[in-house]
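Some notes on the structure that comes next.
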Amino acid sequence: MFLTVVREGSTLSASRKLGVAQPTVARRIEALENEIGLKLFERDTRGFKPTEEARSLIPLVEAIEEAAETFASKTRDLAELRPIRITAPGIFSDRVMDMFSEFTTLNPGVAFEFIPSLKVLDLSAGEADIAFRIGGSEPDKTLICRKISTAKWALFGAQSYADKFGLPKSVDDFQGHRFVTFEHFDVPDYERRWLLRHVSPDQIVKSFSEPELMRASIRAGHGLGLVNLRLAEADHTLIRCFDNIEELSSSNMMLIAPAAYRRPEVKAFTKFFAPRYAATFK
């Protein structure tokens, strides 16, 4: 109001610009002067004239006005719904996508942005809001963490491989068999290391940097490979050799950036999704 009166040159013009009655403008100016103990305007029959002291305050008041406008703009941006950005090593199954669809039905206006990536994105730096990760190591303690299931692994082959070489019945039956593996510089290699404890390096005939390519190689009969049971159950061409390999079991984690969790839609999705996923994939 102070700047408006100065810029307009009279309380009448300022009141019109502000949409406030002229007596109200005059009272607020008087209240401001009383509050700060400084005379800001000289009053005469022609209206209000800013004092020298008032003029010296103009740059500071303009800075405050600009900061207030920036603050208001930022809070509006933060209040607007933005897509929840989710990263995971691969694509989600139909059952998981149904959960996303159910949430958007219950929460119109909420959208998702999926970032399939083997690279471990930095949630704290804002590269994504939520990450789904499988691993044996402890997650970053600065992140909000929900264990949603236990990832289990088994050795799989294809019918064409079984017809030619047969399938091992246990870990002690690996001699003479061929294997394919997954290896990526940005992903823990505990599965490959487990395999190398049980087979010689020359038994590994192919190594892939993409898990989808490794599974395609298994389906083609090139060799046997370790596959997550969640992925294998959707591929009926894969044949499990023997029971799950319990020492490879690891936590399937849902990690949320603290800044993202402060957004109501992210918090609501976390509370909605985590228990449903855990109940579906026990």
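The values are calculated or read from the model by the stated rules, or taken from the named source; none is laboratory data. The model shown is predicted, which means the values in this text are computed figures rather than measured ones. Note that we place each Cβ from the backbone using ideal geometry, even for glycine, and neighbour counts take in every protein chain shown.
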>> Which residue is nearest to residue 270 (Cα to Cα), if the candidates are limited to segment 151-191 and must be modelled with pLDDT under 90 and out of contact with any Pro (no Cβ under 9 Å at 6 or more places or on another chain)?
In response: 151
> When only residues in segment 101-120 that are under 18 Å from residue 259 (Cα atoms) and touching a Phe, Trp or Tyr at 6+ places or on another chain (Cβ under 9 Å) count, which is surrounded by the fewest Cβ atoms within 10 Å (Cβ to Cβ)?
Replying inline: 112
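Looking only at residues in segment 197-224 that are among the aliphatic types (A, V, I, L, M) and more than 14 Å from residue 155 (Cβ to Cβ), which one is nearest to the chain's Cα centre (by Cα)?
Among residues in segment 197-224 that are among the aliphatic types (A, V, I, L, M) and more than 14 Å from residue 155 (Cβ to Cβ), the one nearest to the chain's Cα centre (by Cα) is 213.
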> Can you name the residue in segment 162-217 that is in a helix (DSSP H, G or I) and polar (S, T, N, Q) and is also farthest from residue 238 (Cα to Cα) among such residues?
Replying inline: 203
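Looking at segment 21-35, is at least one residue under 30 Å from residue 255 (Cβ atoms), at pLDDT 75 or above and surrounded by 13 or more Cβ atoms within 10 Å (Cβ to Cβ)?
no
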> Looking at 165, 182, which one is of a type in the set (Phe, Trp, Tyr) and in contact (Cβ under 8 Å) with a residue 40 or more places away in the chain?
Replying inline: 182
> Among 123, 195, which is the only one that is surrounded by 16 or more Cβ atoms within 10 Å (Cβ to Cβ) and either free of Cβ contacts under 8 Å to residues at least 60 places away in the same chain or charged (D, E, K, R) (or both)?
Replying inline: 195
>> over 16 Å from residue 260 (Cβ atoms), acidic (Asp, Glu), out of contact with any His (no Cβ under 9 Å at 6 or more places or on another chain) and without any contact (Cβ under 8 Å) to a residue 12 or more places away in the chain: is that true of residue 98 in this structure?
In response: yes
> residue 269: in contact with a strand residue (DSSP E or B) (Cβ under 8 Å, 6 or more places away or on another chain), in contact (Cβ under 8 Å) with a residue 24 or more places away in the chain and part of a helix (DSSP H, G or I), yes or no?
Replying inline: yes
>> One residue is enough: does segment 50-60 have a residue meeting the conditions basic (Lys, Arg), more than 17 Å from residue 273 (Cβ to Cβ) and either modelled with pLDDT under 75 or outside any helix (DSSP H, G or I) (or both)?
In response: no
